[in-house]
Amino acid sequence: MNPLHLLLIAGILGIVLWRGRRVPLTGWRKRLAVGCRLLSVGAVCLSLWGAPARRTREVPRRVVYLVDRSASVDDAQRAWAARRIASLEALRPAQVERALITFGGEARLAVPWGRAPLVDPDAIGRELTRAQVPEGETNVEVALLSALAELPGAPGAGRSAAVLLSDGRETVGDVTRILPTVRHLGL
């Protein structure tokens, strides 16, 4: 509250009280009339003063890229996935955190959480290769569960997104069983 505003409102209410001496009533009726005037003028002053300050809470946003590194994905598809991630990273706002997870039969964190953009497809490809995963199987269920486990903070605490880059040939696990839970947790 600004002290100047309070002083101005107090001055206006003082004028209403001073003018209340001229009300042609006596006793409790005069006090009631002056009190109603004070109340109405005070309400008008407070309403003209403005709405209460709004507090905004910034909700952290995160995106996790899930990249299929199984044997069913050939080198051209892997290069395309690296280029696609680089193009998405060029558009990602700086305040949005990102991570990169690679999966096959298991899932591993290839690039930890950060805000620095990953715009070099060759560097992305090297990071995906460095995080070695069993390539004989494709388990999208494990990839989504690892994305939920890697999200900092409580699941659903912020707006999170997963970008899944896969050929869709799931050989192990059943992603349809966990989709309702993943949606419920806000991913």
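Run down Ala116, Ala162 and say which single residue is out of contact with any Gly (no Cβ under 7 Å at 6 or more places or on another chain), of a type in the set (Gly, Ala, Ser) and crowded, with 17+ Cβ neighbours inside 10 Å.
That would be Ala162, the only listed residue that is out of contact with any Gly (no Cβ under 7 Å at 6 or more places or on another chain), of a type in the set (Gly, Ala, Ser) and crowded, with 17+ Cβ neighbours inside 10 Å.
Just one of (1) at pLDDT 85 or above; (2) loosely packed, with under 13 Cβ neighbours inside 10 Å trips up Asp174, so point out which.
(1)
Given the condition of a type in the set (Ser, Thr, Tyr), over 22 Å from Arg159 (Cα atoms) and surrounded by fewer than 19 Cβ atoms within 10 Å (Cβ to Cβ), answer yes or no: does some residue in region 76-93 qualify?
No; the residues of region 76-93 include none that is of a type in the set (Ser, Thr, Tyr), over 22 Å from Arg159 (Cα atoms) and surrounded by fewer than 19 Cβ atoms within 10 Å (Cβ to Cβ).
Scanning region 94-108 for residues that are touching a helix residue (DSSP H, G or I) at 6+ places or on another chain (Cβ under 6 Å) and at pLDDT below 90, which turns out surrounded by the most Cβ atoms within 10 Å (Cβ to Cβ)?
Phe103
Does at least one position in region 38-60 carry a residue that is out of contact with any Lys or Arg (no Cβ under 7 Å at 6 or more places or on another chain), among the hydroxyl-bearing types (Ser, Thr, Tyr) and open to solvent by less than 40 Å² (accessible area, probe 1.4 Å)?
No, region 38-60 has no match at all.
For Val182, work out the one condition from (1) under 18 Å from Leu100 (Cβ atoms); (2) modelled with pLDDT under 80; (3) part of a helix (DSSP H, G or I) it doesn't fulfil.
Condition (1) is where Val182 drops out.
Looking only at residues in region 125-154 that are assigned to a helix (DSSP H, G or I) and over 27 Å from Leu185 (Cβ atoms), which one is nearest to the chain's Cα centre (by Cα)?
Checking each candidate, the answer is Gly125.
I'm trying to understand the selection: among the residues of region 159-179, which are part of a loop (DSSP other than H, G, I, E, B) and either aromatic (Phe, Trp, Tyr) or out of contact with any strand residue (DSSP E or B) (no Cβ under 8 Å at 6 or more places or on another chain) (or both)?
Gly168, Arg169, Glu170, Thr171, Val172, Gly173, Asp174
The values are calculated or read from the model by the stated rules, or taken from the named source; none is laboratory data. Everything numeric in this text was worked out from a predicted model, so none of it was measured. Quick reminder, even Gly has a Cβ in these numbers, built from the backbone with ideal geometry, and neighbours come from all protein chains shown. Please note that ligands, DNA and RNA were not included when accessible areas were found on the heavy atoms of the full protein model with its side chains. Shrake-Rupley method; radii C 1.70, N 1.55, O 1.52, S 1.80 Å.
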